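Worksheet: one structure, shown below.
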Amino acid sequence: MSGRPPYSRGSDPATEALTVLGLETSCDETAAAVVRLSPDGRAEVLSSVVHSQIDDHAAYGGVVPEIAARSHVEAIDGVARRALAEAAVDWTAIDGVAATAGPGLIGGVMVGLSWAKGAALARNLPLVAVNHLEGHAVSARLTEPIAYPFLLLLVSGGHCQLLDVRGVGEVRRIGATIDDAAGEAFDKIAKSMGLGYPGGPALERAAAAGDAGRYELPRALLGRKDCDFSFSGLKTAAARIAQTLTTDQERADLAAAVQAAIVRQLVERSGRAMDGWAAQAGEAERVFVVAGGVAANRAVRAGLEQAAAKRGFRFLAPPLAYCTDNAAMIALAGAERLALGLTSGLDAPARPRWPLDEAAALADPMHVAGRKGAKA
Ligand code: KG4
Ligand code: ZN
């Protein structure tokens, strides 16, 4: 599985850097980036352009899939051109085109993937269909040369899971949410509190002036010893309290209590996962990475950093720009695959659901069927 991809006219990954154009269109960001991966595994982001659609969706309090898909169609050409221009490269310097092929909103995924297929065909370049979650998984490697394996907490608006990342495309799921994702909980609770959209950052701002001890909120899955998450009880309890709020101070106190409850759960499950991971890690360096949009939250970072330090794990979180959706992480995941010859055919499907650990998802249908599947 190593060596030069069959129809690449580009660089030899054994001796030369690979330069990949990556595209991301799975939710409400149209993004393109150019990333160079050296043979020694170091990554260099030559450009990373993110066109946010937040203004298109704000009036609706959440992402409207149809609006997102149309907006991606309008933006993708310009965003990709800007990524090439800002990287100061032209097509002759590009060794491959990578695009998110799922999981995500299918209309948007199809826009980016189709664009990538067209470019690959027109320029005779290899195509790499990238799992969006694999992008988040490698996002910390954009700025730090982290070796495999490492333990990853992936927390975003669509996902909440703990993963043992053993290599490129080699991932084992340790735990996952059984209902909402953590970012989704932030967003929905913020909405019920009238804090606006997007909810996560708004709730974090409101929490800054709050007293987390004022409201008691339920703790999920107490008594269980696994690494699964649940946020639906918290969401319901918070929504009920939200209806009684009359002052800004009460609102701030509820925001602080909600944030503390989410942090506590993330920290508790991650600590448990670290203990289990360390017990079978042998000589491997203990590294804990947090990625995904919720990793932008300062209280989340601080709690996890402390839990990692307590257990002798090196703690890594990508810079904020690479926590939320971006194309640099897709380009890097694509480059790592390209270096191993793991390219895709032009018939690569757009997949609304695509679990990273397919074996775990199949063995545990609770995490693959229905709405629970996409979150986990
Ligand atoms: O990774 P991302 O950009 O998109 C997904 O793949 O979901 O993550 C977006 C999520 C949203 O739910 C957003 O509210 C949350 O990340 N988020 C935050 C913060 N910044 C973004 N949640 C809490 N605190 C933040 N500062
Ligand atoms: Zn994401």
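At 0.36 nm per residue, minus the direct Cα-Cα distance, what do R314 and D90 gain on full extension? Give it in nm, one decimal, please. Intermediate values should be presented prior to the final figure.
Values: separation 224, 0.36 × 224 = 80.64 nm, distance 3.81 nm.
Separation in residues times 0.36 nm, less the Cα-Cα distance, equals 76.8 nm.
Computed over neighbours whose Cβ is under 12 Å from that of R298, the net charge equals 0, Lys and Arg +1, Asp and Glu -1. At q = 0.12, 0.14, 0.17, 0.21 Å⁻¹ the log10 of I(q)/I(0) for segment 53-166 amounts to -0.56, -0.76, -1.06, -1.28, computed by Debye summation with a single uniform scatterer per C-alpha, solvent ignored.
Could you work out the helix-only [θ] at 222 nm for the chain, with each DSSP H run of four or more residues adding -39,500 (n - 2.57) and the total divided by the number of residues, to the nearest 500 deg cm²/dmol?
Values: 13 runs with 156 residues, N = 376.
Result for the chain: -13000 deg cm²/dmol, rounded to the nearest 500.
Share of antiparallel DSSP beta bridges in segment 150-317, in percent to the nearest 5?
Working: 12 of 20 bridges.
Counting DSSP beta bridges with both partners in segment 150-317, the antiparallel share is about 60 percent.
Panel values: segment 148-238, Kirkwood radius from alpha carbon pairs, Stokes-Einstein at 4 °C and 1.567 mPa s, translational diffusion coefficient 89 µm²/s. Need the list of aspartates and glutamates near K235 for cross-linking: C-alpha distance under 12 angstrom, and skip anything on the same chain fewer than eight residues off. Counting by Cα, and skipping residues close in sequence, K235 has these aspartates and glutamates nearby: D179, D180, E184, D187.
Throw me the Rg/Rh for segment 150-317, computed over C-alpha atoms with Kirkwood Rh, two decimals. Across segment 150-317, the Cα-based Rg/Rh ratio is 0.99. Report note on the peptides 65-71, 21-27, 40-46, 190-196: ranked by the mean count of other C-beta atoms within 10 Å, highest first, their order is 21-27, 190-196, 65-71, 40-46.
Expressed per residue, the C-alpha convex hull volume of the chain stands at 132 Å³. Reported to the nearest whole Å, the Cα centre-to-centre distance from segment 57-112 to segment 267-332 is 27.
Hey, with R₀ at 25 Å, roughly what FRET efficiency would A359 and D226 work out to, going by the Cβ-Cβ distance, to 0.05?
0.90
Residue separation of R240 and E74 scaled by 0.36 nm, minus their Cα-Cα distance, works out to 55.7 nm of gained length.
How much of the DSSP beta bridge set in the chain is antiparallel, as a percent to the nearest 5?
Details: 29 of 46 bridges.
Bridges in the chain that DSSP calls antiparallel: roughly 65 percent.
Percent of Cα pairs in segment 53-113 per distance bin of 10 Å, from zero to the largest separation: 20, 43, 28, 9, 0.
Every number here is computed from the coordinates shown, using simple stated rules; none is lab data. These figures come from a predicted structure and were not determined experimentally. All Cβ positions, glycine included, derive from the backbone under ideal geometry; neighbour counts span all protein chains shown.
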